[in-house]
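Have a look at the structure below before the remarks.
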Amino acid sequence: MRKLMILALTGIAMFTSSVKAQKIYDFVSVDKQPEYPGGIRKFYDYLGKEIKYPEVAKKNKTQGKVFLSFTVEKTGKLEDVVITKGLTKETDAEAVRVIKNSPKWNPGLIDGKPVRVKYNLNVNFNLSSGTEKKAAVKSGIKPEFPGGTNKLYSYLARNIKYPEQAKKNNTQGKVMLAFNVEKDGALTDVQVINSLSKETDAEAVRVMKSAPRWNPAIDQNGHPVKVKYQMAVNFTMS
């Protein structure tokens, strides 16, 4: 009996270790990104309804962003919610509470199968004319690559293929691009507005056309809107 008990406990331990060891994918590494049911607009609607501006934060006129990261599990449940850049103890706790209580998301997919995905976002606390603003949706937000600027740079670094002709000619510099971030986060009408070379221009356009959907701009009424966006893609040999 004791031997059977040891075997059973060993099996439980192995199963637990296996679950914990399951790979967590980066947001840009999956075929389909995890998403709040109904899309980004519904997510901001959820934040707007659920966040309770802490009384201490209102009293102290605390405003700003709380940056969080969490794992979207295969089931769509949000786990391991942590603050990556806090604002105050009270706003941080409220942001964590609301994310932990979020309905299950649609999980990320690779080859049609759900996988665990690391996700980053920020929750904005803003007061205006003495009126409580519950979330970023109320103050309007700019479009953003999923996970923020650092994730965008990581995406570019992994995906840009330095053109052979550009390397041969020692071509270095910036390609300035303009494109539309659509209401659903898709990037359209990618154009070069400041050229570097034919080869680097083409590569910069290719990579941005292949980018995952962005978090779209949100207007003052909480609606996603189409906006024009400009950015530079840097080609440097070192």
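The values are calculated or read from the model by the stated rules, or taken from the named source; none is laboratory data. This one's a predicted model, so the numbers in the text were calculated from it and none came from an experiment. Side chains included, ligands, DNA and RNA excluded: accessible areas come from the protein's heavy atoms. Shrake-Rupley method; radii C 1.70, N 1.55, O 1.52, S 1.80 Å.
Treating each Cα of segment 68-110 as an identical point scatterer and ignoring solvent, apply the Debye formula and state log10 I(q)/I(0) at q = 0.30, 0.31, 0.34 Å⁻¹. The computed values of log10 I(q)/I(0) come out as -1.03, -1.06, -1.18. Cross-link partners of LYS228 among aspartates and glutamates, defined as those whose alpha carbon lies under 16 angstrom from its own and excluding same-chain residues fewer than eight positions apart: GLU144, GLU182, ASP184, ASP189, ASP219. Figure note: THR71, THR84 ranked by solvent-accessible area, largest first, 1.4 Å probe, ligands and nucleic acids not counted: THR84, THR71.
Rounded to the nearest Hz, the phi-derived 3J(HN,Hα) couplings of segment 53-60 under the Karplus curve 6.51 cos²θ - 1.76 cosθ + 1.60 (θ = phi - 60°) are 4, x, 4, 5, 5, 5, 4, 8, where x marks glycine and proline. May I ask which of LYS65/LYS89; LYS42/LYS89; LYS65/LYS118 have a Cα-Cα span longer than 23 Å here? Cα-Cα > 23 Å for LYS42/LYS89; rest within.
Solvent-accessible area of segment 28-96 (1.4 angstrom probe, protein heavy atoms only): carbon and sulfur portion equals 48 percent. Length gained on full extension, LYS32 to LYS228: 68.1 nm, using 0.36 nm per residue less the C-alpha separation.
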